[in-house]
Amino acid sequence: MVPAVSAIATLFSYNIKPGEGSRYCKILPMKKSLTLAGLLALAFLAAVLWQRGWQPGTGGMREDSSPVSPGDGPRMAPPFTLADTSGNRIHSSQFAGKPIVINFFATWCRPCREEIPGFVEVYNKYRGSGFELVGISLDSDTKRNLPSFMMENGIGYRVLMGDIATAKAYGGVTSIPTTFFVGKDGRIRNVHVGYIDRDAFEREVRKLL
């Protein structure tokens, strides 16, 4: 399939739109009705995104792992208050003093789905050591599928309903999956953009324990 056409197919479900006054991209629900002008705009956007490295079917930019710059020092993980799948409000302060991984994902994102089995294994292995794993879902139209998705994938860690404000607070999440590794002191130690395999994920988790 031609790259731009493939990208448009992906964008039918979710439109990537530049954030106002920032260089970040946000994933927003797409309107169901598209005009010809809208399709042409999508074609142009898809071509630009493809040229800059955005890959349809991966939910974002090419894979990258970025340790926090030692010159600036690790920054504190931004606080958040989000609802879980049962409607309970969960505040990030509940995880204070614990090593935590925060994973921005969506059920429609293939690499997000592919890394979850590894997440489940590592979480089950280290949860007894105080390790916390929190998935922040950026699903919109598909968020009603989350409870069944969690059951089908054996997800025992907490999954919260994300929003634009939280994604923006974490530097403007431009692609998913994006995973933040946070130490016991609440400081971000590493950020991984894109799919991460089980072994690499476990190595990063062990650094936090």
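Every number here is computed from the coordinates shown, using simple stated rules; none is lab data. These figures come from a predicted structure and were not determined experimentally. Cβ atoms come from the backbone with ideal geometry, glycine included; neighbour counts cover every protein chain shown.
For this structure, a couple of remarks:
- Segment 64-208: C-alpha gyration tensor shape, a/c 1.5 cut-off, then a/b vs b/c: rounded
- Taking each of Lys125/Lys184; Lys143/Lys207; Lys143/Lys184; Lys98/Lys207 in turn, the alpha-carbon distance tops 23 angstrom for Lys143/Lys207; Lys143/Lys184.
- Estimated vicinal HN-Hα couplings, Hz - segment 113-128 in sequence order (Karplus 6.51, -1.76, 1.60; Gly, Pro = x): 5, 5, 8, 4, x, x, 4, 4, 4, 5, 4, 5, 6, 10, 4, x
- Residue-count net charge about Leu208 - beta-carbon cut-off 12 Å; Lys, Arg +1, Asp, Glu -1: +3
- Under 5 Å between amide hydrogens, built in the peptide plane, is the criterion, and for Arg189 it picks out Phe181, Val182, Gly183 among residues at least 5 positions away or on other chains.
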